[in-house]
1. Cβ-Cβ distance below 7 Å, separation of 6 or more or different chains: which pairs start in the stretch 124-138 with a residue that is more than 30 Å from Glu322 (Cβ to Cβ) and end on one that is of a type in the set (Asp, Glu) and at pLDDT 95 or above?
2. Take the stretch 124-151 and flag every residue that is open to solvent by less than 10 Å² (accessible area, probe 1.4 Å) and not small (Gly, Ala, Ser).
3. Of everything in the stretch 50-97 that's among the hydroxyl-bearing types (Ser, Thr, Tyr) and free of Cβ contacts under 8 Å to residues at least 24 places away in the same chain, which residue is farthest from Leu109 (Cα to Cα)?
4. Would you call Val175 over 30 Å from Cys37 (Cα atoms) and of a type in the set (Val, Ile, Thr)?
5. Return the residue satisfying two criteria in turn: it lies in the stretch 339-367 and is outside any helix (DSSP H, G or I) and either modelled with pLDDT under 90 or out of contact with any helix residue (DSSP H, G or I) (no Cβ under 8 Å at 6 or more places or on another chain) (or both), and of such residues it is farthest from Glu329 (Cα to Cα).
6. Does Ile165 satisfy the condition of being in contact with a Phe, Trp or Tyr (Cβ under 6 Å, 6 or more places away or on another chain) and more than 30 Å from Thr23 (Cα to Cα)?
7. Would you check which residues across the stretch 289-322 are of a type in the set (A, V, I, L, M, F, W, C) and either within 12 Å of Ala90 (Cα to Cα) or modelled with pLDDT under 90 (or both) and list them?
8. In the list Leu253, Leu246, which residue meets the criterion of being among the hydrophobic types (A, V, I, L, M, F, W, C), out of contact with any Leu (no Cβ under 9 Å at 6 or more places or on another chain) and in the same structural domain as Met146 (by TED's automatic domain parsing)?
Amino acid sequence: MSKPFMFEKPVGMRDTLPAYYQTKNKVRERMEKEIDCWGYLPIETPALEYYDTVGTASAILDQQLFKLLDQEGNTLVLRPDMTAPIARVAASSLKDQAFPLRLSYHSPLFRAQQREGGRPAEFEQMGVELVGDGTASADGEVIALMAAALKKAGLQDFQIAIGHIGYVNALLLDVVGSEERANTLRRYLYEKNYVGFKQHVKSLPLSSIDEKRLLSLLKLRGGQEKLKDAEELVQNGEAAKALNDLHQLWDVLEGYGVSEHIKLDLNLVMHMSYYTGVVFEGYGSKLGFPLSSGGRYDELLQNFNRPAQATGFGIRLDLLVEALGDTEELPEQTCILFSKERRKEAIEEAGQLRESGKRVVLQDLQGVENVDELSEAFAEVYYFIGKKQGGASNE
């Protein structure tokens, strides 16, 4: 009788089988090499962090955090994102290093999901954080690096949507006048529920001019020309600063030669509440949802008593592999089958073949139930069986 849950996994968890692992690993290695070339230094942080510091600073919804208690009764969380942990490190272990810091990471993240959600609760993310630089050059660098990393991974057909949280906030507050009412509209934008946004706008007690201004926000998607349209919707100082940021950023991205992959999306709102400026999302043509995202977060580090402007991005490895669409073939392997009287000889042969770069499985014949079935799994098979008669036979 089998135990309950013997073959089940906790909600949102999944196994990574060999073929998928090979694909993911190859993609990761290509991107790590590119990120390294841009001068970003890799960092690792612990899987467990204190809830009262990194947990609350991460801006992940509380119900999505995996929580547990340590022996002293402190609440811990499984790391839900990497930006907050890196902010902690920048303000502590790296506090004596001058800004700007260029840091990279490859880490599993954990976010609890509803049973019916169907989304992974554990996933790998690669990314960078550029800490201590508030310029448009820094924003452009991380976006251009994200584009370069996606290309190195093998993704050619992708688009990066760029917005500015300052512009969205300026327009919403200018029209509806309060954070509470603006938050309701932001939620529709974050969920990309544009039908719901329109219906909600039409239900508000607004003048026809203000209603049109809010509905026109949804049309601010496209090329650089959309910045001119955006200027006409709101003229306050915050909006002007945001649009100036985007004008400068566009110039930087043209310098990097990546503007063909860029589109403006001025109704882009992110789920992380710590974003303060330019925000962006990357899309592959085979996916209807973002596989990468990032933006500027100039206020997060003050939570760790080292105020600094910062920007960065994260790429979801699982979604990138899905967007690429192809799973790598398992690498070719050689098998050496041996009987016990020729074990030493087989071990020596395996060592020489491995030195030459081959992947070699060394298998005792007594441990095999079906030799023919086993042999079919390998590109070549060497037999060291019985008494030596002038060397190994090969198939």
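1. Short answer, once both residue conditions are applied: Ala136/Asp245.
2. Residues of the stretch 124-151 that are open to solvent by less than 10 Å² (accessible area, probe 1.4 Å), as a first pass: 126-131, 138, 140, 142-147, 149-150.
If the condition is that a residue be open to solvent by less than 10 Å² (accessible area, probe 1.4 Å) and not small (Gly, Ala, Ser), then Met126, Val128, Glu129, Leu130, Val131, Val142, Ile143, Leu145, Met146, Leu150 are the ones that fit.
3. Residues of the stretch 50-97 that are among the hydroxyl-bearing types (Ser, Thr, Tyr), as a first pass: 50-51, 53, 56, 58, 75, 83, 92-93.
If we keep only those that are free of Cβ contacts under 8 Å to residues at least 24 places away in the same chain as well, we get 56, 93.
Values: Thr56: 15, Ser93: 22 Å.
Ranking the candidates gives Ser93 first.
4. Working: over 30 Å from Cys37 (Cα atoms): yes; of a type in the set (Val, Ile, Thr): yes.
Here the answer is yes, as Val175 does meet what is asked.
5. Ser356
6. Working: in contact with a Phe, Trp or Tyr (Cβ under 6 Å, 6 or more places away or on another chain): yes; more than 30 Å from Thr23 (Cα to Cα): yes.
Against the criterion (in contact with a Phe, Trp or Tyr (Cβ under 6 Å, 6 or more places away or on another chain) and more than 30 Å from Thr23 (Cα to Cα)), Ile165 qualifies.
7. Restricting attention to the stretch 289-322, the residues satisfying the condition of being of a type in the set (A, V, I, L, M, F, W, C) are 289, 291, 300-301, 304, 308, 310, 313, 315, 317, 319-321.
Of everything in the stretch 289-322, those that are of a type in the set (A, V, I, L, M, F, W, C) and either within 12 Å of Ala90 (Cα to Cα) or modelled with pLDDT under 90 (or both) turn out to be Phe289, Leu300, Leu301, Phe304, Ala308, Ala310.
8. Values: Leu246 fails: out of contact with any Leu (no Cβ under 9 Å at 6 or more places or on another chain).
Just a single option satisfies the conditions, and that option is Leu253.
The values are calculated or read from the model by the stated rules, or taken from the named source; none is laboratory data. Because the structure is predicted, anything quoted here is derived from the model rather than measured. For neighbour counting, all protein chains shown are included, and Cβ atoms are generated from backbone atoms with ideal geometry for every residue, glycine included. When the accessible area is computed, the model is the full protein with side chains, heavy atoms only, and any ligands, DNA or RNA have been set aside. Shrake-Rupley method; radii C 1.70, N 1.55, O 1.52, S 1.80 Å.
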